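Asker: Quick one: the structure is below, questions incoming.
The values are calculated or read from the model by the stated rules, or taken from the named source; none is laboratory data. Just so you know, these numbers come straight off a predicted model, no measurement behind them. Here the Cβ is made from the backbone with ideal geometry for all residues, glycine too, and neighbour counts use every protein chain on show.
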Amino acid sequence: MAEDSDLERTEPASQQRIDKAREDGDVPRSRELATCTILLGAGAGLLMTGENLLRQVNGGLIAGLSFDRAQAFDMSLLLSRQGGHLMEVLLAFAPLAGLLMLVALASPLLIGGWLFSTKALTPDFGKMNLFKGLARMVSLNSLVELVKAIAKALIVGVIAYLVMRSQIDAVLGLMVEPVRAGSMHLSQMLFSSFMLIVMGLVIIAGIDAPYQMFSYGKKLMMTRQEVRQEAKESEGNPEIKARVRSQQREMARRRMMSEVPNADVVVTNPTHFAVALKYADGKMRAPTVVAKGADAIAAKIRELATANNVLMVESPPLARALYRHAELGDEIPEALYTAVAEVLAYVYQLRAFRSGDGDRPELPTAIEVPPELDPQNPAASVKPDQGARA
């Protein structure tokens with residue numbers, strides 16, 4: 001029973017867990033609150049600039065529909081003046097657009113705050129899992145979103161019905177009012193109707209924002225075991241750190257080994273070192289190291305290469321240089337371009353020969369490697385510039 005309780009998420013999230021979630025781009029957000037804030041900002045902007053905006057639009061419409069004899073016979077003059085009127089109307093909308101931009105930038109401060117994270121842009125192919133997608137469709141969050149959508153539709157529909165019912169006589173009366181007075185009256189009715197609908201959305205936002213905070217806190221809750229583990233790690237428990245590093249190395253080794261079957265060639269020492277290279281023309285600037293190892297790991301790389309028909313080329317100086325100066329996942333140093341190009345040329349020619357195109361190439365036996373890159377050469381004490389790395 002004690003072990004079961006340790007696995008239940010009963011503890012609030014620590015600051016370290018919250019900070020890690022923010023680094024991953026995971027913060028509480030309320031779309032209803034953001035939408036409501038922007039609509040309120042639009043209402044406030046219309047209240048402050050609506051009269052001037054209406055006057056500018058009215059003047060632009062009148063000017064756009066009026067032209068003299070000179071404009072009637074000169075299309076360039078007509079277009080020039082119409083463009084000027086259009087620019088005046090656009091400038092009249094500029095204060096309102098600027099206010100809405102400021103409100104949109106400030107609205108995240110109400111919940112979650114500003115966040116700049118590139119991890120959120122990283123493709124997550126796990127989200128393409130069909131079963132996980134179906135699970136999200138029937139989750140509690142999906143049910144909440146459905147309830148919010150229905151509530152918004154009901155609130156907007158009910159408010160719109162009540163407004164239309166209460167103002168139907170006034171709308172019909174617009175037909176007998178003068179154009180200027182009728183326009184002002186219609187604008188006032190539209191603004192009041194808009195604000196009433198926004199007030200209805202305020203209710204939903206007032207419910208959704210606390211719920212999102214509660215849901216976010218619940219999602220980040222920790223088990224007692226996680227709390228103890230985090231405390232030990234923060235205190236610097238050497239055993240746990242060593243175990244974590246060991247697991248990370250094992251996972252990295254497994255990922256590295258999984259790339260060997262996709263390599264183009266494996267350069268060997270032949271027994272002490274093995275480096276697997278891959279190059280995709282048009283997609284990579286230079287060949288990339290997808291796996292490398294010494295002794296037992298090198299033997300495993302050679303075993304996988306043999307099992308998956310990956311060509312192996314024996315070149316001790318090149319294998320030593322690649323193992324020493326090329327990091328896993330990086331492009332090879334520029335100084336080794338020529339040597340590796342000779343190996344890849346042999347690989348491509350041999351593939352063509354095996355497919356029945358061309359003569360059998362000769363295995364390169366004297367691949368030249370710059371002396372300063374060979375670890376067994378005394379001139380290799382200084383590590384070369386690896387500016388070709390990504």
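Asker: So for the stretch 61-69 (the condition being under 29 Å from Val198 (Cβ atoms), assigned to a helix (DSSP H, G or I) and modelled with pLDDT under 85), does at least one residue qualify?
Answerer: yes
Asker: State yes or no: is Glu177 touching a His at 6+ places or on another chain (Cβ under 7 Å) and assigned by TED's automatic domain parsing to the domain that holds Gly45?
Answerer: When the stated conditions are applied, Glu177 passes them.
Asker: Right, something else. Among the residues of the stretch 111-132, are any modelled with pLDDT of 80 or more, within 21 Å of the chain's Cα centre (by Cα) and not polar (S, T, N, Q)?
Answerer: Yes, that holds for at least one residue.
Asker: Still on this structure, please answer the following. Taking the condition modelled with pLDDT of 85 or more, in contact with a strand residue (DSSP E or B) (Cβ under 9 Å, 6 or more places away or on another chain) and either aliphatic (A, V, I, L, M) or not in a loop (DSSP other than H, G, I, E, B) (or both), does Leu363 pass?
Answerer: Considered against the rule, which asks whether it is modelled with pLDDT of 85 or more, in contact with a strand residue (DSSP E or B) (Cβ under 9 Å, 6 or more places away or on another chain) and either aliphatic (A, V, I, L, M) or not in a loop (DSSP other than H, G, I, E, B) (or both), Leu363 comes out as no.
Asker: For the stretch 296-314, give me the residue count where each residue is surrounded by 14 or more Cβ atoms within 10 Å (Cβ to Cβ), of a type in the set (Asp, Glu) and within 17 Å of Met256 (Cα to Cα).
Answerer: Looking only at that region, the number is 0.
Asker: Regarding the stretch 241-261, can at least one residue be identified that is in the same structural domain as Ala345 (by TED's automatic domain parsing), touching a helix residue (DSSP H, G or I) at 6+ places or on another chain (Cβ under 6 Å), at pLDDT 90 or above and at negative phi?
Answerer: Among the residues of the stretch 241-261, not one is in the same structural domain as Ala345 (by TED's automatic domain parsing), touching a helix residue (DSSP H, G or I) at 6+ places or on another chain (Cβ under 6 Å), at pLDDT 90 or above and at negative phi, which makes the answer no.
Asker: Name the pairs whose Cβ atoms lie under 6 Å apart, with the first residue in the stretch 350-375 and over 21 Å from Pro316 (Cα atoms), the second assigned to a helix (DSSP H, G or I) and at pLDDT below 80, and 6 or more positions between them or separate chains?
Answerer: Note: no pairs meet the criteria.
Asker: Report the residue count in the stretch 145-190 for those that are in a loop (DSSP other than H, G, I, E, B) and either of a type in the set (Lys, Arg) or surrounded by 14 or more Cβ atoms within 10 Å (Cβ to Cβ) (or both).
Answerer: Total satisfying the criteria: 1.
Asker: Is it the case that Gly293 is part of a strand (DSSP E or B) and either surrounded by fewer than 23 Cβ atoms within 10 Å (Cβ to Cβ) or without any contact (Cβ under 8 Å) to a residue 12 or more places away in the chain (or both)?
Answerer: It is true that Gly293 is part of a strand (DSSP E or B) and either surrounded by fewer than 23 Cβ atoms within 10 Å (Cβ to Cβ) or without any contact (Cβ under 8 Å) to a residue 12 or more places away in the chain (or both).
Here's the yes/no breakdown for (1) surrounded by fewer than 17 Cβ atoms within 10 Å (Cβ to Cβ); (2) among the polar types (S, T, N, Q):
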{"position": "Lys20", "(1), (2)": "yes, no"}
{"position": "Asp26", "(1), (2)": "no, no"}
{"position": "Ala34", "(1), (2)": "no, no"}
{"position": "Leu40", "(1), (2)": "no, no"}
{"position": "Met48", "(1), (2)": "yes, no"}
{"position": "Asn52", "(1), (2)": "yes, yes"}
{"position": "Val57", "(1), (2)": "yes, no"}
{"position": "Gly60", "(1), (2)": "no, no"}
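Asker: Consider Ile332 against the criteria (1) buried (at least 18 other Cβ atoms within 10 Å of the Cβ); (2) more than 33 Å from the chain's Cα centre (by Cα): it satisfies all of them except one. Which criterion is unmet?
Answerer: Of (1) buried (at least 18 other Cβ atoms within 10 Å of the Cβ); (2) more than 33 Å from the chain's Cα centre (by Cα), only one is false for Ile332: (2).
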